[in-house]
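*Asks:* Quick one: the structure is below, and I'll ask about it shortly.
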Amino acid sequence: MNEVSFVLYAGNVVRIGALILLGIPAVRWCSNALVKLCKKRLSQHIGVLVGHIVFYGGLLFIGVTVLHELGFNVTALLGAAGVLGVAIGFASQTSVSNIISGFFLLLERPFSVGDSIKSGDVIGYVESVDLLSVRVRTYDNKMVRLPNETVLKQTLNNLTYYPIKRIDCLLSVPYGNDVEIVKQLVYDIVAANQLFLKDPVPSVMVHKIAQHDYDTEIRLFFTIRVWVVTDKFRSAPAVLMQQLKDQFDKNKTIVTIVQSN
């Protein structure tokens, strides 16, 4: 190897080393910066997706540049990659469909990272929205991966989309109880607890007069509807049912309480 060739070779090595040692951290920094910017200006959902696109796109650019510095014919490689991409595309139609569905989810924005959702039989908190799937952490701390296409196709419930939610309880008492007294007892419980909102106004209504399951006794059934802030929705039903039981125990009334939502 003559002196000129050595200098050219050394220059290539330096450029390749600089691309790898400086380029990858720079791509990661740009990706993280865009994630923070999008989270601040748009949403965490968009930030995560944009971060992934920038990071992997930057790595692809660095890889192609390194190959060019090593003397490979990048044009020929890109042409071969195009043919290979078509073949892979036919073999991975599901992945392509998930990517396209991910962009539709990005545009529609039915939920964001941190929201609590129900998709099919899966209920939990959205941890990330990636190119191919949505990762959900269930209430019992399990990670479930939902393909974007599946999330887009089936019915989706965003359980934390609105700031307040309604709790519905079904209460039954013996037929001989006075309806107005029962209603007033329930209203007193709701009014005494700051957990339950005063607006919208809570309601207590006679639901039906019927037998309870296989029992022959005729009972009065009441529907109780109260509103709470979304953050307290999971714990509020248990609080309401416990206070109903305690209050009716004091009045020596045998009640059956069913939390219906």
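Coordinate-derived values only; no laboratory data. Given the structure is predicted, the values throughout are model-derived calculations rather than measurements. With ideal geometry, Cβ positions are generated from the backbone for all residues, glycine too; neighbour counts draw on all protein chains shown.
*Asks:* Can you list the residues, at least 5 places off or on another chain, whose amide H is less than 5 Å from the amide H of Val134, using H built in the peptide plane?
*Replies:* Leu146, Asn148
*Asks:* Taking every alpha carbon pair in the stretch 141-194, what does the distance histogram look like in 5 angstrom bins from 0, in percent?
*Replies:* 4, 11, 13, 15, 11, 11, 8, 9, 9, 7, 3
*Asks:* Can you give the log10 of the normalised intensity I(q)/I(0) at q = 0.14, 0.16 Å⁻¹, computed with Debye over equal Cα scatterers of the stretch 107-158?
*Replies:* -0.28, -0.36
*Asks:* So which lysines can Lys118 reach, going by Cα to Cα under 24 Å and dropping same-chain residues fewer than 8 places off?
*Replies:* In chain and number order, the partners are Lys39, Lys142, Lys153, Lys165, Lys232.
*Asks:* Compute the orientation-averaged projected area for the stretch 89-191 from the convex hull of its Cα atoms and round it to one decimal in nm². Intermediate values should be presented prior to the final figure.
*Replies:* Details: hull surface 39.9 nm².
Taking a quarter of the hull surface, the average projection is 10.0 nm².
*Asks:* Kindly rank 147-154, 106-113 from highest to lowest mean number of other beta carbons found within 10 Å of each residue. Can you show the working numbers first?
*Replies:* On the way: 147-154: 18.4, 106-113: 15.2.
In descending order of packing, they fall as 147-154, 106-113.
*Asks:* Equivalent ellipsoid semi-axes for the stretch 164-259, as square roots of 5 times the alpha carbon gyration tensor eigenvalues: give them largest first, rounded to whole Å.
*Replies:* Taking √(5λ) for each Cα gyration eigenvalue gives 23, 13, 12 Å.
*Asks:* Check Arg219: other-chain or 5+ apart residues with amide H under 5 Å from its amide H, H built from backbone geometry?
*Replies:* Ala210, Gln211, His212
*Asks:* Mind checking which lysines have their Cα closer than 17 Å to the Cα of Lys208? Skip sequence neighbours fewer than 8 apart in that chain.
*Replies:* Lys183
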